[in-house]
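For reference, the structure is listed below as structure tokens.
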Amino acid sequence: MRPRTSSIPSLADAHYAFHSARKQPLRRILAYAVLTSFLAAFLILSFAGSYPKDWKSVELGGLRGFPNFEHIRGDGVRTITADELKKSHRKRYIIVGDVHGMHDSFEKLMSTVSYSESKDYLMHVGDLIAKGPASSKVIHAMSHSNFTGVRGNHDQKVIEWRAWIEWVESYQGGSEWLKDMESKSESELEELKKKTKKRKWKIPDGWRFGGEHYWIARKLTSHEFNYLKDLPLVLHIPSYDLFLVHAGLLPLNPTIPLNSKHQPLSHVPGSLRKRVSSKHYSNHHARALGARSEGGGPEVDEHGHHKPKSERDLRTLQEQLILETIPQNAVPFNLLNMRSVEHNVPVKSSKSGRPWSEVWNTVVSKCKGFPEDAVRISLSGEGLPPIKGDDGKSRNMTWWELLVEDAGEIIDWDPEEEEEPEYTWSRIPKKLPCNPSTVIYGHAAGRGLDVKRWSLGLDSGCVYGRRMTALVFSEDEREMDTLDTLGGSSNAADGELEIQVTKIKLGDGLEDGGRLHARLASVRCPDVGA
């Protein structure tokens with residue numbers, strides 16, 4: 001007799017019974033009984049495992065906290081490659097500042113810049129929704145046209161609410177519980193929270209149930225929700241050395257010296273390694289250079305590592321390392337909310353510390369290009385030479401040793417703070433082996449249109465009754481002719497311009513020797529009482 005190890009029949013039991021049934025009719029009957037009980041047990045257990053648990057019995061202690069509702073794909077970065085730009089056949093690029101549900105103003109701005117779906121590549125810097133009167137119209141228009149952009153902090157709140165709603169509704173009784181909660185007033189909800197044990201309160205701390213973000217999330221179609229979830233935190237356009245982000249980026253890790261070899265702008269990628277074969281490249285550099293490409297990337301060697309072939313490749317790699325190796329740029333909260341740097345830490349407030357855009361411009365303005373010997377070392381893989389030659393004689397210092405010895409200048413990030421110096425200042429070398437790149441962002445409506453040499457803040461406060469702004473640029477200056485004829489026009493009694501167009505400088509030149517031609521175009525917005 002085969003020994004039993006469980007009271008529930010197993011597939012092995014059934015198999016054994018069938019083989020035994022060949023010998024005796026009685027055993028054949030028993031075999032069918034075993035098989036029937038096995039199938040019944042299997043169906044019952046499968047059904048019990050897949051049937052949604054009752055919502056009222058859910059406790060966060062048993063779940064070990066809430067699921068992750070952020071829906072950030074990978075590292076949150078998307079690269080628009082040169083091939084992608086070329087295949088789009090677009091001649092102009094339009095980047096719109098924070099829309100915040102101001103659909104009519106958005107349509108007015110698109111009409112002003114003569115937007116054409118076939119000719120123009122439209123992007124946005126996030127915060128499409130919330131605060132304004134027509135968020136549903138804005139998200140409908142953006143999602144159905146599949147405009148490229150990044151997510152903002154308000155978009156993120158809506159994403160998280162919608163993910164939470166879908167999580168609740170995945171349980172039996174969850175939909176009914178939501179409807180009951182929606183029927184309660186704010187004071188009733190507060191009273192209910194006080195009476196409910198913490199492990200049974202199923203709304204994350206700091207979330208306002210029934211607020212604007214909740215109802216926008218509740219009304220999203222599946223297509224609109226998928227569009228928001230697909231928005232990255234950062235768009236990188238290497239062809240034009242541009243970053244798009246909602247709040248901001250840092251060019252350095254402010255907690256260590258800028259001339260440290262751990263700072264991406266302190267060296268040409270791959271130029272500080274020891275003398276090695278040109279066949280070997282660090283896996284990290286290989287991933288940074290090629291992992292996000294969608295075709296047309298650098299060649300790979302026999303080890304499968306992407307091999308930089310030109311100074312252009314090295315520049316792209318260095319820009320990507322800004323996103324990957326500066327730890328503050330890997331924190332979603334910073335990319336969505338940062339306005340300033342205080343005590344070397346990104347903060348949401350604009351009333352303390354130093355604006356991050358000043359930090360960016362101070363550092364990036366020191367970029368003076370790649371030293372020739374550093375480029376040679378990076379591309380050849382030959383590595384830094386030893387301190388002394390083979391003959392034992394001293395040699396001249398390399399570009400890196402000169403940089404490290406450069407005392408540089410002291411930059412006080414928090415000049416009004418009376419703190420210990422190591423918390424408020426950095427020593428910046430006079431020259432950095434890098435090429436400048438530009439950050440285009442939104443979020444900081446309190447600072448208005450913020451135009452600096454290497455950063456551009458486009459949130460000009462439309463939802464507060466001020467203006468909505470777009471950056472328009474092209475490699476062909478003739479594409480600016482229509483905008484240049486507009487200049488500034490006003491029909492308002494207060495003299496405020498209805499339409500305003502300003503010429504600005506963008507970037508530092510293209511690989512083919514050309515340059516970008518750029519304009520800022522803005523329209524006046526109505527006061528909606530936000």
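The values are calculated or read from the model by the stated rules, or taken from the named source; none is laboratory data. Please read all numbers here as calculations on a predicted model, not as lab measurements. When we count neighbours, we look across all protein chains shown, and the Cβ atoms used for this are built from the backbone with ideal geometry, even at glycine. When the accessible area is computed, the model is the full protein with side chains, heavy atoms only, and any ligands, DNA or RNA have been set aside. Shrake-Rupley method; radii C 1.70, N 1.55, O 1.52, S 1.80 Å.
The solvent-accessible area of Glu182, taken with every protein chain present and a 1.4 Å probe, is close to 50 Å².
May I ask which of Lys87/Lys307; Lys108/Lys131; Lys131/Lys194; Lys193/Lys229; Lys137/Lys193 have a Cα-Cα span longer than 26 Å here? As for pairs spanning more than 26 Å Cα to Cα, those are Lys131/Lys194; Lys193/Lys229; Lys137/Lys193. Under 19 Å Cα to Cα from Lys53, which lysines show up? Leave out anything in the same chain fewer than 8 places away. In chain and number order, the partners are Lys179, Lys200, Lys202. Of all lysines in the structure, the ones whose alpha carbon falls short of 20 Å from that of Lys86, not counting any fewer than 8 places away in one chain, are Lys119. For the set Lys56, Lys184, the ranking by accessible area, highest first and with no ligand, DNA or RNA atoms included, is Lys56, Lys184 under a 1.4 Å probe.
Relative protection proxy for 250-260, 200-210, 127-137, from highest mean packing down: 127-137, 250-260, 200-210 (other beta-carbon atoms within 10 angstrom).
I want the local charge near Ile165. Using Cβ-Cβ distances under 11 Å, sum +1 for each Lys or Arg and -1 for each Asp or Glu among the other residues. Charge balance near Ile165 sits at -1. Determine which residues of segment 172-188 fall in the zone a paramagnetic label at Arg218 would reach in this model, i.e. backbone nitrogen under 17 Å from the point 7 Å along Cα→Cβ. Under cut-off, by backbone N: 174-188. Peptides 216-225, 142-151 ranked from most to least packed by the mean count of surrounding Cβ atoms within 10 Å: 142-151, 216-225. For the pair segment 182-256 and segment 138-158, the centres of their Cα atoms are 13 angstrom apart.
Taking one quarter of the surface of the convex hull spanned by the alpha-carbon atoms of segment 53-160 gives a direction-averaged projected area of 9.8 nm². One decimal place: the segment Lys119-Asp205 gains 26.4 nm when fully extended, by the rule 0.36 nm per residue minus the C-alpha distance.
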